[in-house]
Amino acid sequence: MTSTTPNNNNNNNNNKNNNNNNNNIAKRVGIPKPRKPDAERRLERRFGQQRKIPRIVHQTYWSREGIPDELRKISETWKSINPEYEYKFYDDKACFNFVEHEFPEYYDAYVNLPKNVERSDFFRILVVLRKGGVYADMDAGCVKPIDTFISPTDALVVGWENECATDERAYSRHFARKRQITNWVFAGAPGHPALREMANHVREHANAQFMNNTNRNTLEKNGPGAFTDAIMHAYWEDYNNEDDKWTIKVLPRVAFGTHPSESDSEDGLSQKEEKNVFVAHYFLGSWKKDWGAYGRDGVLNKINLIAHSVKGTLPEYRESLVKLDPGFKKMQHQDERSQYPVTALFDPPFEVIVGGMVPGSNGDAYNRSDTGNGFFLDDFLYDDFSVSSMSAQLTIRGEYQPGTSLRIRTLPTSVEAVINVLERNLPLRSRLAPYKQDPKEEERGFLIDIGANVGYFSLCAATRGHKVLAFSSLTTNFIVSDMLQSAIARNHNGDLVKHIDDMYPSFSDAKTSCSRLATSDEERDRCEHTAFTTLDDILFLHERESVGKLLGLKKGQRRRVAMRISATRRIARPLAGSLRLFDSPTLRPNVLLIELAGGCNVHDEEDTGNSVERKDDLQGDASNLEALNYLKNKLEYAEIYHAGPVCDSYGSDAITNVMEDGSTGIWCEVHDADRVFQDLTTLLKEDGAIENILFVRA
């Protein structure tokens, strides 16, 4: 199951077979081919009432009498917040009896495990495998009712614990995987195949020695390392199943993986500040030996740890120590092509497939799935590769809001504003209405998502029952398009979302620009043989049958239309390929969201604004200032708002979209367009900075 080989000859054949599977554990293995229509499967999964995970909470401690008062108080939260759940407690004797009677095939392995913590890890798997329900460590407290994060149709619910760019960074923090699932709390249906696979792994490796580091050995044997492998293997093995019997929900880190400190600066998550903490782990019991992940923690090393913590270089210092640890070994295969599921905490929730962190050339970490690794990145669609990138934000918080922090609740977010318009509400005055059912066919909105990335906006709209035309940018990073296609299939949204991955949101000399930006013969050859397609080509000139079918419009009928242009440095490029759309009486966008990325280059710095009165249609080489004025003056959007660092620079008085309930949002209304547009093109220069600009029709 894991690529780390134990020092025992009996496992050689088994490990050989397992290693052959490791490269595929976190990768897409094919698009499901459902036997039922997407709409029927989607509604069954969303509204099914036959509960798979029983309402039971399991906890264990060596003896009931020995439970400290602090742990007892934490444990009480499961009963007080969830009175409808049955509570079961097991001391050591009860655990031995349970395994002996319920799982005689695993009893010898259970008894022979050398550490109490290893038996504890094994017992939690077995008790949920047999009885089903929720397992929680004694120092993990319930924060929100269990039924808020477990639905009746869920069969296994787990949560991400960490994400690190390198093996060394993960190892330095006592993780067994660069991206790891926690096992201090999880929930499952009886008999779930992932739990059975994990149980078999522990039995086969009960006496195996994976490495000299005793802590890491436990993590590989039956801790989070092995647990992560089993969950991911089962997830992709189940991917092609025609039913949803053994679903696996993987929650973002905020759900189970926050830190109890006031502000855990290394992770950016805090239990006291985050709004979507479901379970709080207080780390009151540690089983790890003093021989840590990076050598013996002597006095000098502890002093250095404190010093580097003060200087803000603690991660780098820990990473440097790992290289001195003779027990360090590389981890299970996870690279930039790996794909991982995470549940978006939207209403209703849905699955997203995201990429993993990899080290950048400057030493910083970034999420590969959010950056094109090809020649269109610099001038066209662009995503911030810091913590604000789409995959990273979804992994951390299950939400995505470019340009602003989601640590403290900010309403409405960009996607909520867009969907408010699709649902015939004012974009920035009210919260998104609770989801109850899909709209009627004639009431479905239509989102055009240019540069969909891993698909958060597209999937949010489809999950609310709206139709979506999602475009992936034409880059050499095909992995992103693959992730979105996988997510569409996983959420059974094929009837609502049309994904097009060969669209070029640009201007007439696209091929010339492509060749200019190409960095290799292979890329230049691709430029020569690519039939560049704009949005207008797809909707009007070369309308595809599938697009017409998706729209499903009768003569004279009109949908509410929203258009999003993802993080781009050059507004004019995608707009120039969409001008017929803005003249269309049936498809003219009611709201246009532009994510303007910092680091603008080429002509913007030289633009003086003298050409903003250009009479003809917008050209793809126009500056951002020209494009913004074109939208305001020629396309006549009545209201304009923006959110991000430029809005923040104006101060709190500029944030005018006070919600109907009295709460304050994050958006500044544009009253002086000349000043704001000039600021947007001159102040937004930092790479990775994003300003959200919302154009709304009256």
Output row, site GLU70, 7 Å Cα→C-beta label point, backbone N cut-off 18 Å, window the stretch 141-175, residues 141-142
Any residue on another chain or 5+ positions along whose placed amide H is under 5 Å from the amide H of GLY159 is listed here as THR182, LEU251
Most packed first (mean Cβ within 10 Å per residue), the peptides 62-69, 588-595, 315-322, 249-256 order as 249-256, 588-595, 315-322, 62-69
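Can you give the local net charge around GLU86? Use residues other than it whose beta-carbon is closer than 11 angstrom to its beta-carbon, Lys and Arg +1, Asp and Glu -1.
Charge balance near GLU86 sits at +3.
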1/(1 + (r/R0)^6) with r = Cβ-Cβ of TYR107 and SER663, R0 = 56 Å, i.e. FRET efficiency to nearest 0.05, evaluates to 0.50
Karplus-derived 3J(HN,Hα) from phi for the stretch 306-319 (6.51 cos²θ - 1.76 cosθ + 1.60, θ = phi - 60°), whole Hz, x at Gly and Pro, runs 5, 4, 6, 5, 5, 6, x, 10, 4, x, 5, 5, 4, 5
In whole Hz, the Karplus estimates of ³J(HN,Hα) for the stretch 141-157 (6.51, -1.76, 1.60; θ = phi - 60°; x where Gly or Pro) are x, 7, 10, 10, x, 4, 5, 7, 10, 10, 9, x, 8, 6, 10, 8, 10
With all protein chains present, the stretch 93-202 has a carbon and sulfur share of its accessible area (1.4 Å probe) in percent of 50
Here, SER320 and GLU84, labelled 7 Å along Cα→Cβ, have an inter-label distance in nm of 5.5
Probe 1.4 Å, all chains present, heavy atoms only: GLU442 accessible area in Å², nearest 10, is 100
SASA check, LYS632, accessible area w/ 1.4 Å probe, all protein chains in place, rounded to nearest 10 Å², comes out at 80
Flagged as over-length at 29 Å C-alpha distance, from LYS93/LYS245; LYS178/LYS498; LYS88/LYS115, the pairs are LYS93/LYS245; LYS178/LYS498
Subtracting the Cα-Cα distance of ARG588 and THR214 from 0.36 nm times their residue separation yields 128.3 nm
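The values are calculated or read from the model by the stated rules, or taken from the named source; none is laboratory data. None of the values given here were measured: they were computed from a predicted structure. Cβ sites come from the backbone with ideal geometry, for glycine too, and all protein chains shown count toward neighbours. When the accessible area is computed, the model is the full protein with side chains, heavy atoms only, and any ligands, DNA or RNA have been set aside. Shrake-Rupley method; radii C 1.70, N 1.55, O 1.52, S 1.80 Å.
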